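A.B. asks: Input: one structure, supplied below.
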There are 2 protein chains.
Amino acid sequence: METPAEPRFGHSDPTPEQLRAQFGRLLGMTAGHTQRIVNGALADVGARKYHFAVLATLDEFGPSSQAQLSDRTGIYRSDLVATVNELAADGYVRREADPGDRRRNVVSMTEAGGERLGQLAAILTRTNAAILAPFDAEERERLTGLLHRLLEHVADRGSW
Amino acid sequence: METPAEPRFGHSDPTPEQLRAQFGRLLGMTAGHTQRIVNGALADVGARKYHFAVLATLDEFGPSSQAQLSDRTGIYRSDLVATVNELAADGYVRREADPGDRRRNVVSMTEAGGERLGQLAAILTRTNAAILAPFDAEERERLTGLLHRLLEHVADRGSW
DNA sequence: TTATATTCGTTAGCGAGACAAACATTAGTC
DNA sequence: GACTAATGTTTGTCTCGCTAACGAATATAA
């Protein structure tokens, strides 16, 4: 088992079987590439996905506290601080103290924020389409259906 | 109005439409949960996926230089240094200077490393099975088939 | 043969993302 | 008024992917 023998000149770099066989790896690599594409497109305009998540949430629910934003986006409260900071610095959101509850901040989207959301949404629509390009409508449905089921199963706390 | 603060990834508030609609998010969240499960299982025995990747590669190709390991696992050379350090510290691999090329190190798996690989492989087999539990054979094939196609498309450098 | 280029391992560091711990302030309840 | 709970914030940890740079060794071209 610990004897020499071996490659030396094998210039090809095949992926080992045991690695390729892992479903988690397949999923992870696919997601990794996909996210790299999406993140790259967002980064081109100086955004991250947290920005889109917050903006989209504000658009749908209106002014919210940070705790609400955290619950609805899944972003940790601690990470939300930085996200709101960044969005506020660019004038996309406003953060004001809630007069009714002084622990709270009310975060609301500005006009510029609405435009920004439109820009980011367009980017995401575009990249999502490009990513799914090789699939026809039926395959997309199958894929998203399977992924939804998988997500539900895998997100089920208690079983893990 | 609000629920207790915790269960991270399964939020309590409704997920905004624009977020839910993103395919990238679906893929990302699914992969995220999956990897958390896998990483958690590996972490329980003090391992990371890089460890498994290197061990599995050594098992299949025999003693290799770090550059070869990097090529075959996809781990960056710089990150491989730490990985080999860790594995060597635990006695799972040996790192020796290559007498034939003094720039190189020859990394080889020890007996303990072989056992470790068996342990990690068992963990991965188990978690992969659990993850795919809700699917029957035909669905698994469909899912992996679709993911493979997606991976190929999305990993295609040049188009992005 | 000498100069130049390339390879290999290594160190250091960045940034995103997911997450935990602790804390001060403020509200609500007993 | 004391106790508890929620909110926002700071700080820090860890994995992962990725970049830059460097010294040593080797390969190649002039």
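The values are calculated or read from the model by the stated rules, or taken from the named source; none is laboratory data. The structure presented is a predicted model; accordingly, all values stated were derived computationally and were not measured. All Cβ positions, even for glycine, are placed from backbone atoms using ideal geometry, and neighbour counts span all protein chains on display.
A.B. asks: Looking only at residues that are within 13 Å of A:Ala56 (Cα to Cα) and more than 8 Å from chain B (Cβ to nearest Cβ) in segment A:118-160, which one is surrounded by the fewest Cβ atoms within 10 Å (Cβ to Cβ)? Full working, then the answer.
C.D. replies: As a first pass, look at segment A:118-160 and keep what is within 13 Å of A:Ala56 (Cα to Cα): A:118-122, A:124.
Subsequent filtering for residues that are more than 8 Å from chain B (Cβ to nearest Cβ) retains A:118-120, A:122.
Values: A:Gly118: 12, A:Gln119: 15, A:Leu120: 22, A:Ala122: 10.
Across segment A:118-160, the extreme among qualifying residues is A:Ala122.
A.B. asks: Checking A:Ser65 against (1) farther than 19 Å from B:Thr15 by Cα; (2) modelled with pLDDT of 95 or more; (3) surrounded by fewer than 19 Cβ atoms within 10 Å (Cβ to Cβ); (4) within 16 Å of DNA strand C (Cβ to nearest atom): exactly one of these is not met. Which one?
C.D. replies: So A:Ser65 meets the others, but not (1).
A.B. asks: Do the conditions hold for A:Asp71, that is, is it buried (at least 16 other Cβ atoms within 10 Å of the Cβ) and of a type in the set (Asp, Glu)? Give the steps one after another, and end with the answer.
C.D. replies: Working: buried (at least 16 other Cβ atoms within 10 Å of the Cβ): yes; of a type in the set (Asp, Glu): yes.
When the stated conditions are applied, A:Asp71 passes them.
A.B. asks: Moving on to the next point. For segment B:36-56, state whether one or more residues are among the polar types (S, T, N, Q), in a helix (DSSP H, G or I), facing another protein chain (nearest Cβ under 7 Å) and within 15 Å of the chain's Cα centre (by Cα). First the steps, then the outcome.
C.D. replies: From segment B:36-56, those among the polar types (S, T, N, Q) are B:39; that's our starting set.
From what is left, the residues that are in a helix (DSSP H, G or I) are B:39.
From what is left, the residues that are facing another protein chain (nearest Cβ under 7 Å) are none.
Within segment B:36-56, not a single residue is among the polar types (S, T, N, Q), in a helix (DSSP H, G or I), facing another protein chain (nearest Cβ under 7 Å) and within 15 Å of the chain's Cα centre (by Cα).
A.B. asks: When segment B:86-101 is examined, which residues are found to be assigned to a helix (DSSP H, G or I), more than 10 Å from DNA strand D (Cβ to nearest atom), farther than 22 Å from A:Gln22 by Cα and touching a Lys or Arg at 6+ places or on another chain (Cβ under 9 Å)?
C.D. replies: B:Ala88
A.B. asks: What is the number of the single condition among (1) within 10 Å of DNA strand D (Cβ to nearest atom); (2) free of Cβ contacts under 8 Å to residues at least 40 places away in the same chain; (3) more than 10 Å from chain B (Cβ to nearest Cβ) that A:Gln66 does not meet?
C.D. replies: The single condition A:Gln66 does not satisfy is (2).
A.B. asks: Is there a residue being assigned to a loop (DSSP other than H, G, I, E, B) and within 16 Å of DNA strand D (Cβ to nearest atom) anywhere in segment A:110-126? Give the steps one after another, and end with the answer.
C.D. replies: Keep residues of segment A:110-126 that are assigned to a loop (DSSP other than H, G, I, E, B), which gives A:110.
Filter again for within 16 Å of DNA strand D (Cβ to nearest atom), leaving none.
Checked segment A:110-126: no residue is assigned to a loop (DSSP other than H, G, I, E, B) and within 16 Å of DNA strand D (Cβ to nearest atom).
A.B. asks: Okay, moving on. Filter segment B:20-35 for residues that are within 13 Å of DNA strand D (Cβ to nearest atom) and either more than 8 Å from chain A (Cβ to nearest Cβ) or among the hydrophobic types (A, V, I, L, M, F, W, C) (or both) and give the result.
C.D. replies: Once the filter is applied, which keeps residues that are within 13 Å of DNA strand D (Cβ to nearest atom) and either more than 8 Å from chain A (Cβ to nearest Cβ) or among the hydrophobic types (A, V, I, L, M, F, W, C) (or both), segment B:20-35 yields only B:Ala31.
A.B. asks: Give the number of residues within segment B:74-85 that are buried (at least 19 other Cβ atoms within 10 Å of the Cβ) and within 12 Å of DNA strand D (Cβ to nearest atom). Walk me through it before giving the result.
C.D. replies: Taking segment B:74-85 as the starting set, the residues that turn out to be buried (at least 19 other Cβ atoms within 10 Å of the Cβ) are B:75, B:80, B:83-84.
Next cut, within 12 Å of DNA strand D (Cβ to nearest atom) only: B:75, B:80, B:83.
Of the residues in segment B:74-85, 3 are buried (at least 19 other Cβ atoms within 10 Å of the Cβ) and within 12 Å of DNA strand D (Cβ to nearest atom).
A.B. asks: Being in contact with a helix residue (DSSP H, G or I) (Cβ under 8 Å, 6 or more places away or on another chain) and within 17 Å of B:Ala53 (Cβ to Cβ) narrows it down to one of B:Leu117, B:Leu132, B:Leu147, so name that one. So that I can check it myself, show each step before the final result.
C.D. replies: Numbers: B:Leu132 fails: within 17 Å of B:Ala53 (Cβ to Cβ); B:Leu147 fails: within 17 Å of B:Ala53 (Cβ to Cβ).
It is B:Leu117.
A.B. asks: If you go through segment A:95-117 one residue at a time, how many are out of contact with any Asp or Glu (no Cβ under 6 Å at 6 or more places or on another chain), buried (at least 18 other Cβ atoms within 10 Å of the Cβ) and aliphatic (A, V, I, L, M)? Even if it seems obvious, please write down each step before you answer.
C.D. replies: Going residue by residue through segment A:95-117, those that are out of contact with any Asp or Glu (no Cβ under 6 Å at 6 or more places or on another chain) are A:95-103, A:105, A:107-116.
Filter again for buried (at least 18 other Cβ atoms within 10 Å of the Cβ), leaving A:105, A:107, A:109, A:113, A:116.
Add one more test, that the residue is aliphatic (A, V, I, L, M), and what stays is A:107, A:109.
Counting residues in segment A:95-117 that are out of contact with any Asp or Glu (no Cβ under 6 Å at 6 or more places or on another chain), buried (at least 18 other Cβ atoms within 10 Å of the Cβ) and aliphatic (A, V, I, L, M) gives 2.
A.B. asks: Could you list, in sequence order, all residues of segment A:35-60 that are touching a Ser or Thr at 6+ places or on another chain (Cβ under 9 Å) and either modelled with pLDDT under 70 or of a type in the set (Val, Ile, Thr) (or both)?
C.D. replies: Here is the first cut: in segment A:35-60, the residues touching a Ser or Thr at 6+ places or on another chain (Cβ under 9 Å) are A:37-38, A:40-42, A:48, A:50-51, A:53-54, A:56-58.
Within segment A:35-60, A:Ile37, A:Val38, A:Val54, A:Thr57 meet the criteria.
A.B. asks: Okay, next question. Take B:Tyr50 and tell me if it is surrounded by 18 or more Cβ atoms within 10 Å (Cβ to Cβ) and within 16 Å of DNA strand D (Cβ to nearest atom).
C.D. replies: It is true that B:Tyr50 is surrounded by 18 or more Cβ atoms within 10 Å (Cβ to Cβ) and within 16 Å of DNA strand D (Cβ to nearest atom).
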